[in-house]
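Quick notes on the structure that follows.
The values are calculated or read from the model by the stated rules, or taken from the named source; none is laboratory data. Keep in mind it's a predicted model, so treat the numbers as computed, not measured. Virtual Cβ from ideal backbone geometry, glycine too; neighbours counted across all protein chains shown.
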Amino acid sequence: MNPICIVDDQPNICSTISGILSDEGYKAVVFQDAESFWQSLDTQEPSLVLLDIWLPGVDGLELLKRLQSRFPTLPVIMMSGHAGIETAVTAIKAGAYDFMEKPLHLEVLLDKVDSAVKYRPVKNGSGIAADLGIDAINPECSIPTGTVDVVVSAEPQRTIGENIVLNGFGLLSGRNTGIILSPLGVNEGIVFQTLDGQIIPGHITSLENFSKTDPTKIFSANSTTLENGRQQVRTVEHLMATFSIYGITNVLIKVDKEIPNIDGSAKDFNDLIAQAGIVDQHAPAKVAVIRKKIGIGKEESQEKYLYAEPFDGFEIEMRVDYPQPIGEQIFTFNPEKGSFAEEIAPARSFNTFENIEMAQRLGKVGSGYLNSHIIMHEGKVINTELRYSDEFVRHKILDLIGDLYLLGYPIRGRITANMTSHGYNQVLVEHLYQAIQNSSAA
């Protein structure tokens, strides 16, 4: 196979990517500027180009145009740590095969490389692949009116009983951080406040890169990040899951950019809410009722898919099927039949040693990752004893519960998921939100 060419002016990025590709059996050649790479094309034709947008001299977008003229079927994956969604869309429309944001995720990188070198599809500018192969999804897609209704619930709105503090370690920053939870009044919602006073609602419209009008989406795959255009709050999913299960609708969370991740689970958040107490408020809550099946993905055992359908109550069935030590695991959680505190909250995040090592080399995560994950290497868990034999699938359910609560309402319906993570969760929530908007407009 012809070599994969990496064009990036950052030596550490080049060496890391080339090392990863070499370990996977690819031949990788590195260039730190457009000119030297262009000259090399007189003697070689790459099988794939990984191209940074910001380069000295001729930038990546200009080089992409030249490559399109010279090698019309050559796949090019654009990379950037600074470009926004507009630049990504521009790159795809200009003929790029795909786009990746830095810091790069190992699984995503290898998935995209494998797809590009195997298929070399004719480019049509149709959109950006997101989160391990999810196609970009248009928020204006056809969602029938009446798919989701918001109705008054028999349950009251709730807040917490007192101010409460939790300190811990940042999963991504690797430094000490903490949160202060405070009660809020009726109809005030779940509100995050950063130390400089910035307000970020705990809602799908605050999701990082959320857009009501742009048909092309990129979603964070490894955690859930909220932002307001000036500040952001990261890793909110486990805390949101705890709020969801206990029906907390109004609460203020003061935070320094990242929710502490004590051991990779929601156990400490669960204990925190128990300590603060829950207060019923003198106003009814609302609930999102699923009237018609709605989802994404192809419903086949080896494909990722996620859907919601009518159900009298709330229930999640999750299936995963990953390499050992995980294998196939299936778990169904219904809060009316089981205990969140005992069955779901203690389930911890997980990752491979190789993924974590690469993320640290790229500066994506701090040392907090090592202490807040089940770490796997060569088919074995290497740093801890499992809390459940199927802890992995339980944690996936924990993440899904948290992401679903970004809708702003608890859900009355049944959720079925197959090997999905945050990207799929966020797309489904956006579909549900759009369905509610459609119903309101009607």
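Of note:
- Test: PRO325 is more than 28 Å from ALA154 (Cβ to Cβ) and crowded, with 16+ Cβ neighbours inside 10 Å: yes
- Residue, surrounded by the fewest Cβ atoms within 10 Å (Cβ to Cβ), within segment 102-119, restricted to residues that are part of a helix (DSSP H, G or I), touching a helix residue (DSSP H, G or I) at 6+ places or on another chain (Cβ under 8 Å) and at pLDDT below 80: GLU107
- Cβ-Cβ contacts under 9 Å between residues 6 or more apart (or on different chains), taken from a first residue in segment 299-320 that is in a loop (DSSP other than H, G, I, E, B) to a second residue that is of a type in the set (Val, Ile, Thr), are listed as GLU299/THR416; LYS304/ILE134; LYS304/ILE296; LYS304/THR420; PRO310/VAL289; PRO310/ILE290; PHE311/ILE290; PHE311/ILE415.
- Positions within segment 286-298 being over 19 Å from the mean Cα position of the chain (by Cα) and either at pLDDT 95 or above or part of a strand (DSSP E or B) (or both), in sequence order: LYS286, VAL287, ALA288, VAL289, ILE290, ARG291, LYS292, LYS293, ILE294
- Single residue of SER47, SER22 found to be hydroxyl-bearing (Ser, Thr, Tyr) and modelled with pLDDT of 90 or more: SER47
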